[in-house]
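Beneath this line is the structure, given in structure tokens, with notes to follow.
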Amino acid sequence: MREKIVILKKSREIPVKRRHPWVFSGAISKVVGDPGYGDVVLVLSYKKEELGYGWYSPRSQIRVRMLSFGMIDKKIDEEFFFKRLHRAYSYRKDMDPLINSNAYRIVNSEGDFLPGLIIDYYNGYIVCQFLSCGAEKIKDIVLSYLIKEINPYGIYERSDVDVRLKEGLNPVSRTLSGEIPDKIEIQEKDVKFYVDIKKGHKTGFYLDQRENRYFLGKISYNKNILNCFCYTGGFGLHALKNRSKKVINIDTSIDSLKILRENMLLNNIEKSRYEIKRQNVFASLKEYIEAKESFDVVILDPPKFVKQTSDLKDGILGYKKLNKRALKILKSGGYLITFSCSGLVDLLQFKKIIMECALDCGRDISILKEMCAGVDHPYPPALKYGKYLKGLAIKVE
Ligand code: SAH
């Protein structure tokens, strides 16, 4: 069979040589062999140097996603993908002492050199997302690897995300193998959670925040905590299990709060030690300011405010409004644990936002810790927005 080839424009090979995993449509001068959705293509520079292999995506702006750089891998076949999957899985086993949970990410897309493929493990069950044409094309290989190596009770596909449309793929959510219960019980250290992998956010749980939840647990003793954007109780339960005094949990999602309530029972937390509020966090914070109520710790883990460059201005205003309100209700000596999962706002910019909030509120702050996603979420250094999750633990005077 004739090889399918993508030839780049002059000097557009530089990012690929520097291991950037994406080739944009504008960087391509010629396509040879009529590659289709998810076909493997050989990428050549203008001078016909062989740069490596990638997955072709005819509809997407990201036209090629690199699978292998240089020409170390001669063949991109089933065995190649088995090795890639195995490499990712073995690495998570090495990370086990840090992960300390039976729920973690097995494959993180470009960070595991499998662009567009997400595989999450939840205590014997597996959830996959196939977000690129290439990932979609290796679905059977992925399934046979997972069944052979891990043999889970069930595998579920949560490809019900809009990014699939950019690839020319329809969103889907369905069982791929075995049986999937409505809720799965997982454990992070000694904290238990129910996870709804069919309908929950992302693949069911915010696995990326695990290590930050562990951090919060360690500073929670005897504290009054406000857990904003609580979802199913992640941060709050780690605090309560570590003997915090009381946690108030706020979220707008009825379904998430229903699971949170079940999670409180699952962990035998006395009713007097927590409150659950279905409310907009912005409004709750305003009410606490007006009522002059204050807390030892405030957690802010909002959804992504900046989805595209045009959201940047409003998104930054949103982060400012939120963090200023939180700073106003923190006790002297208290802690603000604040996050942004907007890839377009980097850590430096996020620090600047928080610094300006503190100046505006007349509060002196110091940064105790910078936070990011856990060790099961690797990302390539060349991908600017790979480090989407960033957080700061701040001491407020
Ligand atoms: N900290 C959580 C994850 C938070 S995800 C964990 O560790 O599991 C963000 C949450 O914010 C979602 O549950 C979503 O329902 C909620 N949310 C989004 N906008 C909100 C708003 N304005 N007020 C309250 N909750 C909101």
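The values are calculated or read from the model by the stated rules, or taken from the named source; none is laboratory data. What you see is a predicted model, and the numbers here were worked out from it, not measured in a lab. Heads up, the Cβs are rebuilt from the backbone with ideal geometry, glycines too, and the neighbour counts pull from every protein chain shown. For the accessible areas, the whole protein counts, side chains as well, though only heavy atoms, and no ligand, DNA or RNA atoms are used. Shrake-Rupley method; radii C 1.70, N 1.55, O 1.52, S 1.80 Å.
At a 1.4 Å probe, what is the % contribution of carbon and sulfur to the accessible area of the range 78-178?
Taking all protein chains in place, the range 78-178 shows 49 percent carbon and sulfur surface.
Only bridges with both residues in the chain count here: give the DSSP antiparallel percent, nearest 5.
Approximately 70 percent, going by the DSSP bridge assignments.
Using the heavy atoms of the protein chains and a 1.4 angstrom probe, tell me the accessible area per residue for the range 17-138 in square angstrom.
43
With each label point set 7 Å from Cα along the Cα-Cβ vector, what nm distance links ILE72 and PHE24?
2.8
Note down the net charge around GLU356, summing +1 for each Lys or Arg and -1 for each Asp or Glu among other residues with Cβ under 11 Å from its Cβ.
The answer is +3.
Which distance in Å, rounded to a whole number, links the C-alpha centroids of the range 311-339 and the range 1-62?
Taking the Cα centre of the range 1-62 as reference, the centre of the range 311-339 is 43 Å away.
Dividing the alpha-carbon Rg of the chain by 2.2 N^0.38 Å yields what?
Its radius of gyration relative to the 2.2 N^0.38 Å reference: 1.06.
In whole Å, what is the distance between the alpha-carbon centres of the range 171-216 and the range 365-382?
21
Sort the following peptides by mean Cβ neighbour count (other Cβ atoms within 10 Å, averaged over residues), highest first: 267-278, 74-85, 148-159.
Highest to lowest by the protection proxy: 148-159, 74-85, 267-278.
Does the range 5-69 classify as rounded, prolate or oblate by the C-alpha gyration tensor (a ≥ b ≥ c root eigenvalues; a/c under 1.5 gives rounded; else a/b over b/c gives prolate, otherwise oblate)?
rounded
Would you tally the net charge around SER90, using a Cβ to Cβ cut-off of less than 12 Å, leaving SER90 out, and scoring K and R as +1, D and E as -1?
Charge balance in the 12 Å sphere: +1.
Nearest 5 is fine: what % of DSSP beta bridges in the range 174-265 come out antiparallel, could you say?
If I count the DSSP bridges inside the range 174-265, around 50 percent turn out antiparallel.
At a 1.4 Å probe, what is the % contribution of carbon and sulfur to the accessible area of the range 206-396?
Ligands and nucleic acids excluded, carbon and sulfur give 51 percent.
Multiplying the sequence separation of ALA283 and SER177 by 0.36 nm and subtracting their Cα-Cα distance, what value in nm do you get?
33.8 nm
Cβ under 11 Å from SER294's Cβ, SER294 left aside: what net charge do those residues give with Lys, Arg +1 and Asp, Glu -1?
Within the 11 Å Cβ shell, the charges total +1.
Please name which of GLY178, ALA382, LEU327 has its Cα lying farthest along the dipole of the chain towards the positive end, using unit charges on Cβ (Lys, Arg +1; Asp, Glu -1) and the Cα centre as origin.
LEU327
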